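Just below is one structure, and these are the notes that go with it.
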Amino acid sequence: MNTQDTLVAYHASAGKAAWNVPDIDTATPRRPVKTVGIIGAGTMGGGISMNFATVGYDVKIVDTQQAALDRGLSVVRSNYQRSADRGRFPQSEVDIRMARYDGCLSLEDLADCDLVIEAVFEDMGLKRKIFTDLDRIMKPGAILATNTSALDIDEIASVTSRPQDVIGLHFFSPANVMKLLEIVRAEHTAQDVLATCLDVALEINKIAVVVGVCPGFVGNRMLFKRQDQAMKLVYRGVMPWDVDAALNAFGFKMGPFQMADLAGLDIGWSKGATTDNPIRDALCELDRRGQKTKAGYYDYDENRTPVPSEETAKIITDITGAEPSQMSQDDIIDVCICPMINEALKILEENKAQRPSDVDVVWINGYGWPADKGGPMYYGDMIGAAKVLEVMEKLGAEDPDFAPAEMLRKLAAEGGKFTEIDTGGLKTARV
């Protein structure tokens, strides 16, 4: 096979393998799921709910305020209406899908749901309170899921008397569009809960990858390493638009600072706050909060076209004390991408992912990894373990958090392949 055929075959094989969980098969019991409850009618909750209403599930969606609930359901209707206007389904289907919704203002209204998904702010205290209430409210056998993108699901489950019923269902925004679903198998998640969620994922047309509990799971844990290195480059005088341009050249549609501006720099920030990102704080204080304010790391015109900002450059220089410097795109790519590969190896060493190809499925389907580079593990094989180790030894000397994984040293010494690593799969107390 030529290179393209090999890549296509790898993607197909990786996608198929992701559904294979060794202790889950057709004989594993499933729990009936007919009614789904969603906690939170915001962007995430509304998007998640659409996956279920679209394929025929009855959906109960709850928020604390009537105005927030009405606003959320209005956005859902608008999304459906937009699709109908584009000819994706008949106009009559909009009302049919909306009729499957039941808007609620109390968690008690979810008591009879078969599956409930919490989609509120990333605050452990809030999630613990919600799951304490769900433990009291929900009927026996209900599946209790959290959409957390990074928090400890074992801690969330610990506040319930039924941790076997708790699981992570990490949807990606916009949840009604993005195909990836990280299914997070917690320490005590029951086999029938996992099996049921895999079936549900298939029914709502998601690409599911089963992962273990660790900060950020697979996708975000690797993303955090890329973000950390991107910011380190800025502190060395490399401008955000130069970092983004390098990653755009690599094949990402958006680099880290373009992504930050799109998401909004004020996520997790409030006026007067001091965080561990003083550049972000300074930008937000000047109302440079991203695309929504037409200014963030970049300036934006009426068409939201990003333009490098002299004001941002001055803020960066004032805070970092570093003179603007140039760095080759190849070097920027190495510094941002190799830590992702290295972190994936640590995830595999910790048995928080089933197999290397699952890592690639996550990044291809959830983060816009360029398809021609296969995924982080496949790309590692393209450039070789020795190259990745060389980069990580330099970065690890500067910051121990980026020390090379033991598996990386082993691969480099033995000439092994990233895509052929076998560390024994995903392991919890149950498997």
Taking segment 272-316 on its own, how many of its residues are more than 19 Å from Asp242 (Cα to Cα), open to solvent by 70 Å² or more (accessible area, probe 1.4 Å) and without any contact (Cβ under 8 Å) to a residue 12 or more places away in the chain?
-> 6
Out of all the residues in segment 267-290, which are under 22 Å from the mean Cα position of the chain (by Cα) and under 15 Å from Val234 (Cα atoms)?
-> Asp276, Asn277, Arg280
Name the one entry in Tyr80, Tyr57 that is buried (at least 16 other Cβ atoms within 10 Å of the Cβ), modelled with pLDDT of 95 or more, closer than 22 Å to Ile143 by Cβ and among the hydroxyl-bearing types (Ser, Thr, Tyr).
-> Tyr57
Mind counting the residues in segment 159-182 that are under 21 Å from Phe52 (Cα atoms) and either within 11 Å of the chain's Cα centre (by Cα) or open to solvent by 40 Å² or more (accessible area, probe 1.4 Å) (or both)?
-> 14
Set Asp287, Asp276, Asp242, Asp318: member being modelled with pLDDT of 95 or more and outside any helix (DSSP H, G or I) = Asp287
Would you mind telling me which numbered condition in (1) within 19 Å of the chain's Cα centre (by Cα); (2) open to solvent by less than 10 Å² (accessible area, probe 1.4 Å) Leu426 fails?
-> (2)
Quick one: what pairs do we get from segment 409-431, first residue within 15 Å of Glu390 (Cβ to Cβ), second among the hydrophobic types (A, V, I, L, M, F, W, C) and open to solvent by 60 Å² or more (accessible area, probe 1.4 Å), C-beta under 6 Å, 6+ apart or different chains?
-> Ala412/Ala386
How many residues of segment 233-266 are surrounded by fewer than 20 Cβ atoms within 10 Å (Cβ to Cβ) and over 22 Å from the mean Cα position of the chain (by Cα)? The answer is 5
Among the candidates Gly37, Gly46, which residue alone is open to solvent by less than 40 Å² (accessible area, probe 1.4 Å), closer than 30 Å to Leu69 by Cβ and in a helix (DSSP H, G or I)?
-> Gly46
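The values are calculated or read from the model by the stated rules, or taken from the named source; none is laboratory data. If you're wondering where the values come from, they're calculated on a predicted model, not measured in any experiment. When we count neighbours, we look across all protein chains shown, and the Cβ atoms used for this are built from the backbone with ideal geometry, even at glycine. Calculation scope for accessible area: heavy atoms of the full protein, side chains included, ligands and nucleic acids excluded. Shrake-Rupley method; radii C 1.70, N 1.55, O 1.52, S 1.80 Å.
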